[in-house]
Amino acid sequence: MKYFIINIMALLLVACSTADDLPTSEDGVEIAFSMNIQENTSVSLLRSSSYDDSSIRCVDLLVFDEHQAFMERIQVNSIENSGDTRTFSARILPTGSARSIYVIANGRDLSGNDIINFSELSSGLSMESVAQLLKTTSLYAYTSPQCPLIMWGRADLTEVRSGTTINNINMIRMVAAMKMECETPTEENGLADFSLTGFTLLQSSAFGKVIPSDYTSSNSLPASVSLPSGIHYINYVNTEGAGVWNLASSNVTSDIYLYERSNILDNTGISVIIRGEYKGVDGYYKIWLTDGNKEPVSPVRNHRYLTRISRVSGSGYLTLQEAVAADYTADIFFEIIDNNDDITDIVVDAKYELGVSSNRVSFSGSGTKTIGTVLSTNTAVTLTAVADVDWITGLSFSGSGNRYILSGSLLAAPSARQGNIIVRAGNLVRTITVEQQP
């Protein structure tokens, strides 16, 4: 996995009460942002596209005042690209009061039309209300989300002044990704006689909630679904086969994208239609999304799901119509692996892994902060986190299994500073550098 670093040179403009007092461009101050976009190196894009799922074409900044009341939306269209660095500008009036910013990428189409209901925003709405309100426009049947993907991040400032810098804003894609592959063929698993053609989805969400339910920080990847009101579902193909198919090459497909939804194990839940040849006979198979305990898998934003076909023992349905109407196919076996890519810095020994979602995080202001996600597979030892500075306090873990959220408190900063948090599990150690602005 790697990061794209996107530097945003932002000059945000706030309207004043009278025309005579309206600030000009000279009144603005320059703010530098950088955003982290996690890229999974296993992503394969077999279809032709000008964008991949780490592309940013446009940005909307939603600015909130010190009371977390909505002030304005700032559209950014002109983005300069230089390698992995992208820059753009906007304007804001300097202030000694706090500002919070929702950073939303790719919320408009190529014609500049909103694909998010930004028009429903009104002055004074709380950050929570905005998080509950914003959703994408509904997809038509037989279509799917396409790149560039909508992403969300959050930045907080204690004040706006010349030279203010916000680094390492983590951007979270609002869709999940799914791909398919076959296990290595053996005489026992039947895959030597099977060739994967492609797959598609039934009963996927037609639209999605832009901002996750935990809108307080984008430093950790959501673990559960965030659902918009009025949700309904669409099929990616019709019964004649027209629509969205992700085709395979050498028994591996590209990613297909889908909005979050709560899943159930019947034909009103998400189904996967697989097309393939078994012993030379073309057929269609239908599976429901289940984990190793036969519990439903609900797709969560920014997670990548690999459906791996492990065994085939017979031909599928002869027609797509039969497969769509069926419950599931008994002649195909699979496992679903959640390759979510929030752990970007990882160390391993012969037996265990320890990883963190980012080895560098930045904050403005003081108080309780979400540092990030920690993965520790050695559950027999105590996971610890210790700061090497006295202004980082109250470090604690929440969660269960082998994945935890690390939180802590930052004391007020008189000036910009940085310290380190040392995360340890047995003999494995990771270091997180914390940058703090006043």
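Values quoted throughout were computed directly from the atomic coordinates according to the rules given, and no laboratory measurement underlies them. This structure is a prediction, so every number in the text was calculated from the model and none was measured. For neighbour counting, all protein chains shown are included, and Cβ atoms are generated from backbone atoms with ideal geometry for every residue, glycine included.
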Among (1) 1.06; (2) 0.95; (3) 1.40, which one is Cα Rg over 2.2 N^0.38 Å computed from these coordinates?
-> (1)
Using modelled amide H (1.01 Å from N, peptide plane; none on Pro or chain starts), what sits under 5 Å from the amide H of SER218, excluding residues fewer than 5 places away?
-> ARG154
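For SER400 and ASP282, what does the FRET efficiency come to when R0 = 45 Å and r is the distance between their Cβ atoms, rounded to the nearest 0.05? Before the final figure, lay out the partial values.
Values: r = 45 Å, r/R0 = 1.00.
My answer for the efficiency is 0.50.
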For the range 345-436, take the alpha-carbon Rg, divide it by the Kirkwood Rh, and send me Rg/Rh.
-> 0.98
Simple spin-label estimate for ALA412 and TYR142 in nanometres, 7 Å along Cα-Cβ | 6.3
For SER362, which sequence-distant residues (separation of 5 or more, or a different chain) have an amide H within less than 5 Å of its own amide H, given hydrogens modelled in the peptide plane?
-> GLU435
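Please report the antiparallel percentage of DSSP beta bridges with both residues in the chain, rounded to the nearest 5. The partial results should precede the final answer.
Numbers: 111 of 127 bridges.
Antiparallel bridges: around 85 percent, rounded to the nearest 5.
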ARG108's amide H: which non-local residues (gap 5+, or another chain) put their own amide H closer than 5 Å, with H modeled 1.01 Å from N in plane and none for Pro or chain starts?
-> ILE115
Lys pairs in the range 175-339 with Cα under 26 Å (8 or more apart in sequence, or on separate chains) total 5
Additional length obtainable on full extension of the chain from SER310 to ASN339, 0.36 nm per residue less Cα span = 8.7 nm
Shape call for the range 175-339, from the Cα gyration tensor axes a ≥ b ≥ c (a/c under 1.5 means rounded, otherwise prolate when a/b beats b/c, else oblate), comes out prolate
Which whole-Hz ³J(HN,Hα) couplings does the range 167-178 yield from phi under the Karplus relation 6.51 cos²θ - 1.76 cosθ + 1.60, θ = phi - 60°, glycine and proline marked x?
-> 9, 6, 6, 7, 9, 10, 5, 8, 10, 9, 10, 9
Just subtract the alpha-carbon distance of GLU159 and GLU187 from 0.36 nm times their residue separation and send over the number in nm, one decimal.
-> 3.5 nm
At 222 nm, what helix-only mean residue ellipticity would the chain give, in deg cm²/dmol to the nearest 500, using -39500 (n - 2.57) for each DSSP H run of four or more?
-> -500 deg cm²/dmol
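Let a ≥ b ≥ c be the square roots of the eigenvalues of the Cα gyration tensor of the range 167-208; is it rounded (a/c under 1.5), or, if not, prolate (a/b larger than b/c) or oblate? Walk me through the numbers before you get to the answer.
Working: a/c = 5.28, a/b = 2.02, b/c = 2.62.
Since a/c reaches 1.5 but b/c is at least a/b, the shape of the range 167-208 is classed as oblate.
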Diffing the range 90-101: the Karplus 3J(HN,Hα) column from phi (6.51, -1.76, 1.60, θ = phi - 60°), in whole Hz with x for Gly and Pro, holds 8, 9, 9, 7, x, 7, x, 9, 5, 9, 10, 9
Can you work out ³J(HN,Hα) from phi for every residue in the range 206-220, in order, using Karplus 6.51 cos²θ - 1.76 cosθ + 1.60 and θ = phi - 60°, giving whole Hz and x for Gly and Pro?
-> 7, 8, x, 7, 5, 10, x, 4, 8, 8, 6, 7, 10, 7, 10
